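The values are calculated or read from the model by the stated rules, or taken from the named source; none is laboratory data. Only a predicted model underlies this, so the values are computations on that prediction, with no experimental measurement involved. In this analysis, Cβ positions are derived from the backbone assuming ideal geometry, glycine residues included, and neighbour counts consider all displayed protein chains. Side chains included, ligands, DNA and RNA excluded: accessible areas come from the protein's heavy atoms. Shrake-Rupley method; radii C 1.70, N 1.55, O 1.52, S 1.80 Å.
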Amino acid sequence: MVNPLYLFACSLAAAFLLPLVDKLGRKASLGLAYATVAAWGAAALSYLWALFPGGSPTESFGTAGFAAPLAIMLRVGPEEAAGLLAVSAVGLLSAGAMHRSLAKAPIGGAIALLMALMGMSGIILTRDLFNLFVFMEISSIATYGLIAYDDRRAALRAGFKYMMAGGIASALYLIGVIYAYRFGGQLNIDLAARSPGLYGAAGTVAAFFLLAALLIELKPFPANGWAIDVYQTVDPGLSAILSGASATALLLALWKIMPILGDAQLSVVAGSGLATFAASNLVGARQSNARRMLGYSSVAQVGLVAAVAALTRLLSLGDDRFAYMVAGGLLLNHLLAKTGLFLLSRALGEPGSQAGAQRRRERALSPIGTAIAGVLAVGLVGLPPFPGFWAKWSLIRALAGARQWWLIVVILGASLVEAFYVLRWFGRIADMRGEDGYAGPEAGIAGPALCAAALAGFGIASGLALGVGDPLLWAPFAALAALLLVDRAPGWLKSLLSIAAVAAFGRLAFDRLDGLRLFFAVMLLGGGAMYSFAAMYKRGPRRGLHPLLSAATLALGAILVADSPLGFFFAWETMTLASYLLVLRGKKGERAALGYVVFGLGGAFLLMVGLAAIPGAWSFRPTGGADGWPILLIIGGLLVKLGALGVHVWLPGAYAESDDDVSGFLSSSLSKAGVFVMIVALAAFGGVVPFQALTLRALGWIGLATALFGALYAIYQEDVKKTLAWSSMGQIGYVILALAINDQAGWTTALYLALNHFLYKSMLFLAIAGVIKRVGTRNMYEMGGLIKTMPFSFLSVLMAIIALSGVPPLSGFGGKWLLYSSLLQKGWYLEAAVAFFASAVAFLYLFRLIHTIFLGQPKPSQSTVREAPLALTIPQGFLMAVLLAASAFPRLMLDPVMGVVGDVFDPILRFEGSTLVSPLGYWDGTLSMIVTIVVFALCFFWMLANLHNPQPVKQFNIVYAAERPFKPWTTHYAWSFYAPYEKALGFLTRRRGERFWEAFGTGVDSVGGAIRRVYTGNGQTYALHVVLYVVALYLLTGAL
Amino acid sequence: MSVMAFIAGINPVAASGAVLVLVGLWGVLSRPNLFKIAVAFSVMETGVNLVILSVGYIRGRTAPILDSAADARSASARMTDPVPQALVLTAIVIGLAVTALMLSYAVRLRTGGGDSSIESYGEEKW
Amino acid sequence: MMRKVMVTLAIIGFAFALLPLAFRAGVQAEPGALATEYLETAPRELGAANVVTAIVVSYRGFDTLGEVAVLFVATAGVGAMLTRKRLGPAAVGRRKPATEVLRTATGLLTGLIVMFGAYIFMHGHLTPGGGFQGGVVIATAVLLNVLAAPESHLAHGVMTAVEALSGAAYVAIGLLGAFLAWGFLDPRVMPTGSIGSLVSAGTIPLIYSAIGLKVGAELSGIIEALKGDRP
């Protein structure tokens, strides 16, 4: 191993000589500085190389030819080596970003950069308390120099505040170190940790002072206003160094002194870290200035890592390996994402210092820049496959194992807030992309790109290290990457590639799909392939669509094949990620996507806690005596995903604002994933749910309410996609209701309804996609009479609404029959009545759908539209055929369903020939098909026979009675179609859910707003916060 | 513990250092003038340095330098603790560096058209 | 008002936290084990009469190297921040010429002060003194000259060269320790000599001389930068 002292000698010699070398030219001097930083990186790599294949765990180096306690010792172990690598990598990336300014500024800038990085490396390596102080001062003083090097006025203001806080921290540290020497007798950390004097009354106080100084340097809430100002105002390259490299070094310093801390002090570290994480994220949500927002996020993440490190020891969550994995994983995630984002924020332009004024000055990013921003933002919030995801999983699992529910609530709650504002920011960036005049990638994009690549690489590595090695689980990302590479290719080619990917996945997964999974694979994978095909209906490459659609489809498949809780959760979050990006791709998808992903993540967090709290979850053999209540969390999480009433507010926006074919995919395929998991979970844990009867009844009512209100909301929409979105919500409500019945009949119903919903909702969305493409609007009152121009779409919609409404002869009737007989069989009479009422309501919007779009009077402007493209009509034709077959021969659909359900429950329903028999009656699909056709034919012929002399009327054979309407569209018959019903039932459709969540959001927001009043901008107040923070901490440790 | 015993137990150097620290801290927290803040930090640092030195002080002993008063053999019996003295040297120099930078910031802020009060540099907030 | 209350509370709280340390810890009766070890080994192994210097330059020489780095980077920062270009011409203003007394005294004293500074850093291993102290004394000579002749300029190039080369010399001597003795910054490259003579304690006097020159040059640089007309 290279003695790190040579690296220090090398850095210092380079720095000392830099002013002389500078006389040869700025290129030479900067080259020397960069080379020195790179040498550190190379050395760090060599350390890692030497340490990992099972070499000596650590190696120590003495200075001046002596050893401890006389001399200062340096130590290289795994965490030191990784830290050094992080510092030099971030340093090089930032130096690359700062290169231009460094070349223009006096040479002092380059010197300060070199010394700051060396100081951080020293913090990481040293094992001596006082030497730690020296290196902390080197890095902070060099940072003060760097803040000023490019002479930004705002940075100078912030820098002075920083110096005040830093000055107080160093005074604290010095007092701590000298008394640690006095009572512990040593300056070497390892020796001091063994000296009993440090654990006496006074020794503890000395250790407290050391700790307080380090904590302040780590920027705890509320004593961190100075740091935020610095992050906001300085060169983004320096922000990256501070947020990435410096935080890493200081966290390692904290880790280093942890052995001399007592339990009370560790609790204080954990508490302060978590408070910082929560409060900073709340305040971060209020920020409009990107860099200030990133600053808050930085502070929050560092707080979390510190808390995790302390909790690991305090609660014995695991050994050092656990700490490396979780705290290290979180830190790595933060480091890479934040470095990349800060560097990227330079490409977004220079925001003004006043909040709110900068939006206009931000520039749109190129597609590549947007993609990189996406990777970094998504990585930051802890979505797969990035390291933060794996670390968070391990953390929550360990905390659940230690039964620390409140900690879980705080961590996940604050994570959700962070996800909200980071993704809001990303959504804004993604929304700014214009279709016109793309430039190539921005200058200086290489740094963020490297960060993104490293983030992905480390994410994959940590996933593999956690044992998620199943290639099928990674298939979504493989498909995403592969299709992104050919993103410039024409759409049809990518569609075919997507379908091929799904087919290959299906082939590989086939052996692992049992009956239930196979059943869902048809809807999930088959649906995905179908929509990939339908995606051809719009010309052009449709950039980004195919990769995401394909990834989402394969993620759905991965959910089916996952065989461990982590594998499942990985697939689940992958699906959330891919579908979020799909929604965001929509034209006005920014807001909808944000709602979608925040609720999606919230649901996922509930699922995660539930899975983590049940030992042996997902093998679904609950170990004896397992608590039942975590299953409630799982059900709750799934209800969010299914859009149950109350947590449905994300649904209409997401389904309506995504691309028209994507909406269909989300509604008909993706929503079934939740149904699948609900079935699996209920099958495994139905027996251990607490208050089983009550819980199931409540679940049933939730489903029922969802069905009713989905239908009620649907009838008043003018926007056809909104109608379909609400309708989807209602139909899924029936599935939930049927599942809650929890016997063979109920589950058969549920699966049957789910499959039906897949069929007819696909037909509806595909047909409507064609209509929207042809007429160019989503408002129903702007359409009409399309039956003549788009007869095939009309037929498709007609069949779909017949199936949906549950009238014979199509399979929907079977579904309704099954539902009512199961409900009555169970004795849920009131539920049956409400369900019937909800079906009646559904008729209203279905009628409107067919009437206002296809019947009535054609618009003159739409008289020449053509039938929908083949890419849409072919799948519709296929679906129609399936629907007809399944209606005429119900056993085609019901046999597999009953086969699946038969494994779980005693039979209630059975088939006799083509007749399905329940204890309450029977249904013969084939017979009813025949009867209906005969009756219909009779009526039809009667009508033909009795229709004499039909007289066509000219369409505009009407007058306005000499009036010119003020708002012409309101005179259209389809405008406000159900106004009378609205008067009668309108009180039911006031959006209470939306209002509740809005109020909740406002509440969270105002908490953030109240907290941020702490940050007055006055450096002296910040210093006062620092002192008060220390005093409070002192009293707290005394009290503990 | 009685008051007398408490007073007798006080290390006078440490106590005066601590008082200086508090005075400096008061200055840092309540004097708005940038230059006075820098000076207050100097006062605080001086206090800290005194505290550091106080730890090495042993009554009735000589400085840790070999001369006629103490030779190599009797060194450990007749000399004070050299470690805090070595540390304080480093602390002093670092304090000097911080003060120099603070003053430069103050000069630069003021020549940039601002005034000397820290209250007028609170543009970044919330 | 609120603010005053909070400040008072903060100070009282801080005093309370300091209580167990600064007021109750008392005075040591005996040096600790580490101190004793230093007192016994420093003269024997390094031949340094001044134990503090032995600690500062060799045992904890790594701290000192860091300390030099701190001063260096502070100087670089100050120099980069306070250039004439950035401060603008207004910052310099008009200066009154110095009085006759000051000018005469400066002429007489400069040489003596520099000599005294050099004496201090060269005898750091024998007497209470050393590189930093000597450097500061030398810088006072520069300060005196700046006061006596406000319009004059330091030979900037020379100062930079002295600073850079003496720093590099310090590192080089340290590296010699790694190659010729037992470790980086080990002063036992040269014979330790007899305690009390000028040529003793290995390379400690050399290191202190390098530090003295460097600190002198750096502090002079800061003084000039604060004057506001550094190019």
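Remark: accessible surface ordering of A:Asp263, A:Asp150, A:Asp229 (largest first) is A:Asp263, A:Asp150, A:Asp229, probe radius 1.4 Å. Partners of A:Lys494 within straight-line reach, counting lysines whose Cα lies under 19 Å from its Cα and excluding those fewer than 8 residues away in the same chain: A:Lys538.
Label positions at A:Arg910 and C:Val101, each projected 7 Å from the Cα along the C-beta direction, are separated by 12.3 nm. Once backbone amide H atoms are built at 1.01 Å from N, C:Arg230 has C:Arg84 as its partners under 5 Å, excluding neighbours fewer than 5 places away on the same chain.
Restricting the count to DSSP beta bridges whose residues both fall in the protein assembly as shown, what percent are antiparallel, rounded to a multiple of 5? DSSP beta bridges in the protein assembly as shown are roughly 85 percent antiparallel. Once C-alpha pairs closer than 8 Å and six or more residues apart are averaged by separation and normalised to the residue number of chain A, the relative contact order reads 9 percent.
If only the Cβ of Lys and Arg carry +1 and only the Cβ of Asp and Glu carry -1, the dipole of region C:2-226 around its Cα centre is close to 1020 debye. Comparing C:Pro20, C:Pro97, C:Pro31 in a Gaussian network model of chain C, where Cα atoms under 10 Å apart are tied by springs, the biggest mean-square fluctuation is seen for C:Pro20.
For helix A:405-432, report the angle its Cα long axis makes with the longest principal axis of the Cα atoms of chain A; keep it between 0 and 90° and round to the nearest 10°. Rounded to the nearest ten degrees, it is 80.
Could you tell me which of rounded, prolate or oblate describes region C:13-90, using a ≥ b ≥ c as the square roots of the eigenvalues of the alpha-carbon gyration tensor, with rounded for a/c under 1.5 and, failing that, prolate when a/b is larger than b/c and oblate otherwise? Because a/c hits 1.5 or more and a/b fails to exceed b/c, region C:13-90 counts as oblate. Between C:Ile11, C:Ile211, C:Ile173, the GNM of chain C built on Cα springs shorter than 10 angstrom shows C:Ile11 fluctuating the most.
The mean sequence distance of close C-alpha pairs (under 8 Å, at least 6 residues apart), as a share of the length of region B:3-125, puts its relative contact order at 26 percent. Annotation note: trypsin sites (Lys or Arg not before Pro) in region A:556-595 located in DSSP loop regions with a Cβ neighbour count of at most 12 within 10 Å are A:Lys587, A:Lys588. Take chain A, mark every one of the chymotrypsin sites (Phe, Trp or Tyr not before Pro) that falls in a DSSP loop and has at most 15 other Cβ within 10 Å, then report the longest stretch left between them, sites excluded. My reading of the result: A:1-437 is the longest stretch.
Rounded, prolate or oblate, given the Cα gyration tensor of region C:2-226, with a/c below 1.5 counting as rounded? Oblate, since a/c reaches 1.5 and b/c is not below a/b. Relative to the longest principal axis of the Cα atoms of chain A, the long axis of helix A:870-888 lies at roughly 60 degrees. With Cα atoms as the point set, region A:232-301 shows a radius of gyration and Dmax of 14.0, 41 Å. Just to confirm the number: angle between the C-alpha axis of helix A:201-217 and the first principal axis of chain A, 0 to 90 degrees, nearest 10? So the inclination is approximately 60 degrees. Mean partner shielding of peptide A:18-27, defined as the number of other chain Cβ atoms within 10 Å of each residue Cβ, is 3.
The convex hull built on the alpha-carbon positions of the protein assembly as shown has an orientation-averaged projected area of 61.3 nm². Taking the charge dipole of chain B about its Cα centre, with +1 at Lys and Arg Cβ atoms and -1 at Asp and Glu Cβ atoms, the residue from B:Gly24, B:Ser42, B:Leu53 reaching farthest to the positive side is B:Leu53.
When only the Cβ of Lys, Arg, Asp and Glu is charged (+1, +1, -1, -1), the dipole of region A:691-943 relative to its Cα centre reaches about 760 debye. From the cross-link list A:Lys761/A:Lys816; A:Lys104/C:Lys214; B:Lys36/C:Lys4, which pairs have alpha carbons spaced over 20 Å apart? Beyond 20 Å: A:Lys104/C:Lys214. Charge dipole (Cα centre; +1 on Lys/Arg Cβ, -1 on Asp/Glu Cβ; no other charges) of the protein assembly as shown amounts to roughly 3300 debye. When the Cα centres of region A:72-95 and region A:896-953 are compared, how far apart do they sit, in Å? Cα centres, region A:72-95 to region A:896-953: 73 Å. Restricting the trypsin sites (Lys or Arg not before Pro) of region A:435-539 to loop positions (DSSP other than H, G, I, E, B) with no more than 13 neighbouring Cβ atoms within 10 Å leaves A:Arg488, A:Arg539. Name the residue from A:Ala50, A:Tyr829, A:Ala223 whose Cα lies farthest towards the positive end of the charge dipole of the protein assembly as shown, charges +1 on Cβ of Lys and Arg and -1 on Cβ of Asp and Glu. So the residue we want is A:Tyr829. Given contacts defined as C-alpha pairs under 8 Å and at least six residues apart, what's the relative contact order of region A:386-479, whole-number percent? Contact order relative to length: 59 percent. Of the trypsin sites (Lys or Arg not before Pro) found in region C:55-129, the ones in coil according to DSSP and having at most 15 other Cβ atoms within 10 Å of their Cβ are C:Arg94, C:Arg95. Annotation: lysines with alpha-carbon distance below 20 angstrom to A:Lys256 (same-chain offsets under eight excluded): A:Lys219.
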